[in-house]
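Only one structure is covered here, and it is reproduced in the block below.
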Amino acid sequence: MRMNSLLFFVATLASLGAVSGAGDETQAAVRRDTTVLPCVLSQPACRPGFGPKITYRWDAAPMDANYSAFVHIISPDGKTRLQDDHTPPVPTSQWSGRVEQESLIRVPPEAPLGEYRILIGLYDRKTGKRPNLKAGAGVVDAGGGAYQIGTLTLSAD
């Protein structure tokens, strides 16, 4: 009776993918996706001609390729006024856990005042492929592999 209970328990675990050797289901069950997190701004507002430090953040899992990051800072009129494209500090194929990168943004003196949306995503420089990521709390999926991770206000004062 005890042996039958043990066999039933092992069979149940295997069907749930919890036992080593259960096949591809085990791999799929532990697969994590990379999540884009809201950026951290050193200051939420600045004057044209100045700029904040922006910390880009991901809750990262290894990806299928080494992607670059694009950052588009969109003005109130919908135009991309600034870009901060960069190579992440760790190749995305080796990502694991929290990945952060800090960058200083310089806003041109002639930039119009208002609220700017900060969009980020990943792309393959050779193919242009943009992988789908998960949007963390406070992040908005903007479509096309882009994610709004924050806003920056340009103000005269």
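The values are calculated or read from the model by the stated rules, or taken from the named source; none is laboratory data. All values reported here derive from a predicted model rather than from experimental measurement. Virtual Cβ from ideal backbone geometry, glycine too; neighbours counted across all protein chains shown. SASA here: full protein model, heavy atoms, side chains in, ligands and nucleic acids out. Shrake-Rupley method; radii C 1.70, N 1.55, O 1.52, S 1.80 Å.
Among 57, 81, which is the only one that is among the basic types (Lys, Arg) and open to solvent by 80 Å² or more (accessible area, probe 1.4 Å)?
81
Given 81, 57, which one is basic (Lys, Arg) and touching a Cys at 6+ places or on another chain (Cβ under 7 Å)?
57
Give, as residue ranges, the strands (runs of 3 or more DSSP E) completely inside region 40-100 that count at least 1 residues that are in contact with a Ser or Thr (Cβ under 8 Å, 6 or more places away or on another chain) and modelled with pLDDT of 95 or more.
By residue number, 53-60, 68-74.
Which residue, of 113, 122, is hydrophobic (A, V, I, L, M, F, W, C) and closer than 20 Å to residue 156 by Cα?
113
What tally of residues in region 107-127 results from selecting those that are over 22 Å from residue 38 (Cα atoms) and open to solvent by less than 20 Å² (accessible area, probe 1.4 Å)?
Counting residues in region 107-127 that are over 22 Å from residue 38 (Cα atoms) and open to solvent by less than 20 Å² (accessible area, probe 1.4 Å) gives 1.
Going through region 62-78 one residue at a time, which ones are farther than 17 Å from residue 142 by Cα and surrounded by fewer than 17 Cβ atoms within 10 Å (Cβ to Cβ)?
62, 64, 65, 66, 68
Residue 150 - would you say it is within 16 Å of residue 71 (Cβ to Cβ), small (Gly, Ala, Ser) and under 16 Å from the mean Cα position of the chain (by Cα)?
Here the answer is yes, as residue 150 does meet what is asked.
If I filter region 128-149 down to residues being open to solvent by 20 Å² or more (accessible area, probe 1.4 Å), in a strand (DSSP E or B) and touching a residue at least 40 places away in the same chain (Cβ under 8 Å), which single residue comes out as farthest from residue 61 (Cα to Cα)?
Looking at the filtered set, the residue picked out is 135.
Looking at region 84-96 only, could you name the residues that are charged (D, E, K, R) and either surrounded by fewer than 17 Cβ atoms within 10 Å (Cβ to Cβ) or over 12 Å from residue 121 (Cα atoms) (or both)?
Matches in region 84-96: 85 only.
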